[in-house]
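Take a look at the structure set out below.
The values are calculated or read from the model by the stated rules, or taken from the named source; none is laboratory data. Remember, it's a predicted structure, so these values are computed and weren't measured experimentally. Here the Cβ positions follow ideal geometry from the backbone for every residue, glycine too, while neighbour counts run over all protein chains shown.
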Amino acid sequence: MWLYGLGEERAGTDEQGQPLRKGFKREEVLAVIRNQGVVTKAEYLRCRIRYFAEGVALGSRAYVEGIFRQYRDRFDRRRTDGARPMEGWSGKDLFALRSFGRDAVG
């Protein structure tokens, strides 16, 4: 909710008709506040660019586990599985091969 509130586009337009500050539309901000911060999967993924850049593989648990098994020799021997839940997503359907927590192994 904080991100949406802070990132709201600034009212008014410049001489070309563009918003003074690009950002979230007022309606989007109000919808997120109404839903108490719960966003759609698409909105969530737009905010999690790091997973696309550094997550190695992103998808269902089965898909990520398959990638892990295929490249098993590239991971620490202590690591027993590949799929890591995406931080901040309450659903159980999105996983990444890399975790971004402090104590991540592999």
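Structural remarks
- The range 65-78 - residue that is charged (D, E, K, R) and more than 28 Å from residue 41 (Cα to Cα) and, of those, surrounded by the most Cβ atoms within 10 Å (Cβ to Cβ): 72
- So residue 14, is it over 17 Å from residue 1 (Cα atoms) and modelled with pLDDT of 80 or more: no
- With respect to (1) closer than 19 Å to residue 97 by Cα; (2) touching a residue at least 12 places away in the same chain (Cβ under 8 Å); (3) over 13 Å from the mean Cα position of the chain (by Cα), the lone exception for residue 58 is condition (3).
- If you go through the range 67-78 and pick out every residue that is touching a residue at least 12 places away in the same chain (Cβ under 8 Å) and under 13 Å from residue 56 (Cβ atoms), you end up with 3.
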